[in-house]
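Report on the structure given below.
Here, each number is a calculation from the coordinates, and none is a lab measurement. Quick caveat: nothing in here was measured; it's all calculated off a predicted structure. Using ideal geometry, Cβ is built from the backbone for each residue, glycine included, and neighbour counts are taken over all protein chains shown.
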Amino acid sequence: MNSLRRFTLGLAITFGLPWLVLVVVPTFKHASIGAMVYEDADGNQKYFPESTVFTNGQLVYQAEGCVTCHTQMIRPMYAGFDGQRKGWGKDQEKRPSLTRPSEARDYLRESYAYLGVQRNGPDLSNVGYRIADEKWHHAHLYDPRAVHAWSTMPSFRHLYRKQEIQGAGSEDAVATKGRYEYVPSPRARALVQYLLSLKKDSDVPSSRSTTAGEASSPAPAASQPADGA
């Protein structure tokens, strides 16, 4: 009986302690994190993080499995060299300093943080800075290899609606075939708006000459597309 008790106690400690340290404690710690409110050099009240995600498009991103091949996390220097890579932050031409690592507040107001697990495709943390052309995103989603011949990304043509060409055709058409054209569906538009909203490189208030503190109320939520997702 004593051996069974020791075995049970040892089993509980073996599995319970890591669960407590790796799951329970971080969950309670991060639950208290809120947006930081601060004053800029001109005395204007602002929030950190400044960017917000396009919620409806995030749902499409989730449903289409984009998180399988893309990350949304800039690793700290001890874990990788993401911060040294050109095009991973705000400044796409030249980078006077390292792109800062991602932190917990970057994912506020998101129902789930899509950090990802592997980079079969590029990291998307700041893709809104890197590629700000809406039409480029639609063309890429519709036929990735028409944009990059070497791309391994699958086509998301099912997000585009086939319709008969009327007159000169739609300005939004991403492709034509005979008398038909393919235009973005509401889900495709929402997904692209989400990608354009990914800008998680705003400066941390503590790095400026500002007064920072926890916001008593959350920052304004991301806008929703009028046509839904």
task: Could you please report the charge total around GLU171, scoring K, R as +1 and D, E as -1 over all other residues with beta-carbon less than 11 angstrom from its beta-carbon?
output: -1
- prompt: Contour minus end-to-end for GLN166 and ALA146, with contour as 0.36 nm per residue of separation and end-to-end as the Cα-Cα distance?
  reply: 4.7 nm
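What is the calculated FRET efficiency for ILE13 to LEU98, with r their C-beta to C-beta distance and R₀ = 45 Å, to the nearest 0.05?
Numbers: r = 41 Å, r/R0 = 0.91.
E(calc), rounded to 0.05, equals 0.65.
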query: By average Cβ neighbour count within 10 Å, what is the ranking of 62-68, 17-23 from highest down?
result: 62-68, 17-23
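Kindly put SER102, SER185 in sequence by how many other C-beta atoms sit within 10 Å of each C-beta, fewest to most. All intermediate terms of the calculation are to be shown ahead of the outcome.
Values: SER102 22, SER185 16.
Result, fewest neighbours first: SER185, SER102.
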message: Which of the three applies to the stretch 51-201, rounded, prolate or oblate, going by the alpha-carbon gyration tensor with a ≥ b ≥ c and a/c under 1.5 meaning rounded?
response: prolate
- request: Using a cut-off of under 13 Å, list every residue of the stretch 108-147 whose amide N is near the label point 7 Å from the Cα of SER202 along the Cα-to-beta-carbon line.
  value: 108-110
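Take the residue pairs LYS90/LYS135; LYS90/LYS200; LYS86/LYS135 and return only those whose Cα atoms are more than 18 Å apart.
Details: LYS90/LYS135 21 Å; LYS90/LYS200 9 Å; LYS86/LYS135 23 Å.
Exceeds cut-off: LYS90/LYS135; LYS86/LYS135.
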query: So if R0 is 22 Å, what FRET efficiency would ALA113 and MET77 give, r being the distance between their Cβ atoms, rounded to the nearest 0.05?
result: 0.60
